[in-house]
Each structure stands twice: as C-alpha cells, then as structure tokens.
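The values are calculated or read from the model by the stated rules, or taken from the named source; none is laboratory data. Nothing here was measured: the structure is a model prediction, and the numbers come from that model. Every residue, glycine as well, gets a Cβ built from its backbone with ideal geometry; the counts of neighbours run over all protein chains shown.
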Amino acid sequence: MTNKQAEPSLFIILGGTGDLSRGKLLPAIGRLAVDGRIAENCQVLGVARDIRHDDASFRRLASDAMAASGLQPDEIAGLCNSRLHYQTIGNGEAADYLALGARIENIERQNSLPARRTFYLAIPTAALGDTLSGLGRAGLNHSGGWVRIVIEKPFGHDLQSARELVGVVREHFDEHQVYRIDHYLGKETVQNLIVFRFGNPIFESLWNRDRIDSVQISVSEEVGIGTRAGYYDRSGALRDMVQNHLTQLLTLLAMEVPPVIGAESVRYEKVKVLRSIAPILRGEVVFGQYEEGKIRGQTVPGYRDENGVPADSGTETFVALKLEIMNWRWQGVPFYLRTGKRMPRRITRIGVRFKNAPVCMFEVEGACVVRPNTLLLTLQPDEGFSLHIGVKKPGSASDVEQIPLAFRYSDIFDAMPDAYQTLVLDVLKGDQTLFVHSDEVLESWKLYDPLLRQEKKVYPYAAGTWGPAEAGHLAISERVLFETF
C-alpha cells in the first residue's frame, strides 16, 4: 500500500485473449503505464491456446481493449508496439510449458529484465489445477528473482474442493507467492474502511458491542444473470457473493486493530474474525429467487425464464442471513448479510446502527419517538458515507428529525482507479494486504459449507423488490438503509 513505482518485471497473462484480460487486465496495465506507476521496462506476455495469434495480432487486440477503456491511441502506442508479446500454450502439454519457459527467458534476455515474473491465471476455475501443475513441473514456480501467481475467485466450490485447490497450490507455490484476488478488496471505498475505522478515533472508540446495535452489509443488483446461466445455476448467490465478497467486507469491519497496516497483520486479524463466528442457525438464513416483475417501469423475466436456466431450478438469487461474532468486542451484536439480483436499485452499502439513548428525553404528544443514529457507508455507486443524527425541527417544541452529515468522494476527489488497476499494481509491488490468504478461504468455507449441504427452501420474490418477505427479520429497514443519503 505504498506509492512507489513497480520495478521492472514480466507480467504473464494465462488466458491473455479472454474476456477478463481484454475487459480488465490489459486496460489496467495500460493505465498504470500511462500514469507512470510501472517501470518503462515492464513487459507483458499474453498466453492462450489459440495458435492463430502472434505478437502483432495480440498487440492489436490489446490496443483495442485499452482504447475501449478510454485510453487514447497516442498514450498506449509505445506500450502496445514494443512491450506486449504472445505465446501459445497449445494443449497444455509438458512440452508447451517448456516452450513457454524458453519464451519467457528470451523476452527477459532481450529486454535486460531480471527474473521477476507474475503469472496471472485469467482462466476458468476447472483449468486451475492442470495449469498450476504444468507451471510447477516446468520449473516456472521459481526463478533467480521472484515468481508470483495470481488466482481469481471462486476459490473452490465448497469446503472439500477448496481444500483440494489449496493443496495443489501449496504443492507448487509457497504462500508468500500466491495472490488470491477478490476485486471487491481493490475498490477504493473498501480500502477506506481501514482508514475510516483506525484513522478516526471518534469511530474506533464507538466500534464495539457497548455502542453498536447491529451491522448490515448489503449488495443489491438490478441486473439478472445475463449470459452467466451455466455458471450461476451451479453456484447461486451464497457461493457467488456471500462466501467471498460480503464475508471479506465483514472481516474488515469486525477485525481488531492490527499492530501495523500490512499483509501479515491484517490477514491474521481477518482470520481471527472468521474463527470467532458461531455456526449459522437454520432459522437465521433465508434464500430467495426472483420472479417476473418491474424495475424502473420495465417488465423483466423471472429467474426460471432466463436463457439457459432449467424450468425447475431451485438456485437462489437472494440470500439474507445473520451472523454472531463470539468475541469480546462483538458479543451480542447481530451482523446481517444480504445480497440479491433484480433489486430496485444497484447499491453496495454498509449500515451501522447505534444503540438508542438509555432514557427517552423528547416526547411528541405523549409518545416517545426514538430514532437511533445510523452510519451508512456506500461502496458503490455514488461512493461516500453519511452519519444520521437527531436535529430539532425548527418551530416545534421537541420534534426531532434524522439529518445526514454526508460526504461523497465525487465532491472532493477525481475519478477513482478501477479495482483491477489497484490490485495489479499491488501484485507487481509484492503487497499482499488486499489479497486473500489460504486460511481465510478455508475458514470461510467452513462457515458456509453446512448451509450448502442442507435442504433449503427458496422463497419467491418479485423483481424490483427488496427480496422475499420471509427475510424481513434479517435486516435493518429498507427505508433506513436504502432510501436515505
């Protein structure tokens, strides 16, 4: 988490012609180069099965991808024309990985690069095991400098598959070489959670069971599953969102103060949180699946009517659950996690509701009206936060209204960098703070694996609503959480 320039190295994208590479990685590298955040001698090698590509065609592909992201042709010309290369991996046989190794050494020799290599696995999860083994058997897991490997989520499908994947990784790579990427952790607003908590003593002093009544982390999406039916129907919202993104946010919110802000200490505190969470009770989780409804006045189909979804699918598109963290700081404070597709609006927001005052001092017509202070942290879109406090309504005797003290990033700062831009730079600098440790992966799956093995009832909800009514008890009210700020 420093501002130093990344040192010269070779960035190798396995899956270099795929959607992730074209949509995120190549534009991120282009922006980093334009901004001078990586050394001018850094080189990029795209690797894929396609034998039709060569250096020239890969450079055209990369140039188009960077231009589509908003970079100007004159900004990226030097990078694309001289620093991008392509190598086919064929069928992934041993000889193909040896050829890859020879090409890597050749690029390093021609460009006077030290043996510093990043392998970014922008490939399907099913191909991870064979790819890791292929790199290891070819001796590409070590060099005279350093070797780093980047793995995209999902990190397994359940606890058993996660253990198997961790085992394959450990067979060929040491943990300090492994960067498990969760793009949510690259968002500036997520990183700001650490600064917000530990850089502002006014909040850290309130961040405990004595002052906080409940916490809710919500990720709502307007969109359905799009073209992802094949993946999504095998995964569902619990695997796709809760086990990784929402749980990572939870650990950042709930962890103890680390001795320093660095990879080892932050990851250690996050694991402690996961190990402190009590088993989730059956009555404290609700699953839902969207049906036909209206969003912004437009009728949208139900989940089972989406292309590629079986007509009898029981896959959940909504999850709400309550977690209890059984430690000194959080005992008795419920943490609610909620996520769903086809919600009324796209928003990722954290709501922290503080406890009421112990005595009601202000009455309206003989009734005590108590509105707790609420802190809302909006991670996307319209990023910022608001603290809702009680203010006397002018002209009244004791009417109290909740008024937000609000901050928006867009009012103060320029456009924030894309999450992949941040994370790619951290990989190149060797900073693992925003990446997921194998212990986090396994502890998280231990928490949710029992839910995957239980028979679950999936409740319907109309598209354009906040989920099934059965989940109403697992939330701060929608009016407070979503309609304010």
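Some observations on this one:
- Options R59, R31, R22; residue that is of a type in the set (K, R), over 23 Å from the mean Cα position of the chain (by Cα) and assigned by TED's automatic domain parsing to the domain that holds S143: R59
- Residues that are free of Cβ contacts under 8 Å to residues at least 60 places away in the same chain and either surrounded by fewer than 17 Cβ atoms within 10 Å (Cβ to Cβ) or in the same structural domain as L206 (by TED's automatic domain parsing) (or both) number at least 1 in the following strands (runs of 3 or more DSSP E) confined to segment 259-363: 298-300, 318-324.
- Candidates G30, G36: the one that is surrounded by fewer than 14 Cβ atoms within 10 Å (Cβ to Cβ), over 21 Å from A127 (Cβ atoms) and among the small types (G, A, S) is G36.
- Residue within segment 154-161 that is of a type in the set (G, A, S) and buried (at least 22 other Cβ atoms within 10 Å of the Cβ) present: yes
- The condition (being in contact (Cβ under 8 Å) with a residue 24 or more places away in the chain, hydrophobic (A, V, I, L, M, F, W, C) and within 25 Å of L425 (Cα to Cα)) is satisfied by just one residue among I89, I104: I104.
- Exactly one residue among Q5, Q72 is outside the structural domain of T131 (by TED's automatic domain parsing), among the polar types (S, T, N, Q) and closer than 26 Å to E188 by Cβ, and that residue is Q5.
- Exactly one residue among N200, N192 is without any contact (Cβ under 8 Å) to a residue 40 or more places away in the chain, surrounded by 15 or more Cβ atoms within 10 Å (Cβ to Cβ) and closer than 27 Å to D414 by Cβ, and that residue is N192.
- Subset of segment 456-467 (residues that are of a type outside the set (F, W, Y), assigned to a loop (DSSP other than H, G, I, E, B) and within 12 Å of R342 (Cα to Cα)): A463, G464, T465, G467
- Filter result for G224 (in contact with a His (Cβ under 6 Å, 6 or more places away or on another chain) and of a type in the set (G, A, S)): no
- Looking only at residues in segment 116-144 that are more than 26 Å from the chain's Cα centre (by Cα) and free of Cβ contacts under 8 Å to residues at least 40 places away in the same chain, the one that is surrounded by the fewest Cβ atoms within 10 Å (Cβ to Cβ) is G144.
- Whichever residue in segment 149-206 is basic (K, R) and not in a helix (DSSP H, G or I) and, among such residues, is farthest from P450 (Cα to Cα): K187
- Residue in segment 389-398 that is touching a residue at least 40 places away in the same chain (Cβ under 8 Å) and either under 19 Å from the mean Cα position of the chain (by Cα) or not in a loop (DSSP other than H, G, I, E, B) (or both) present: no
- Residues being surrounded by fewer than 20 Cβ atoms within 10 Å (Cβ to Cβ) and at pLDDT 90 or above - total across segment 1-21: 4
- Test for R209: is it charged (D, E, K, R) and either part of a helix (DSSP H, G or I) or within 18 Å of the chain's Cα centre (by Cα) (or both): no
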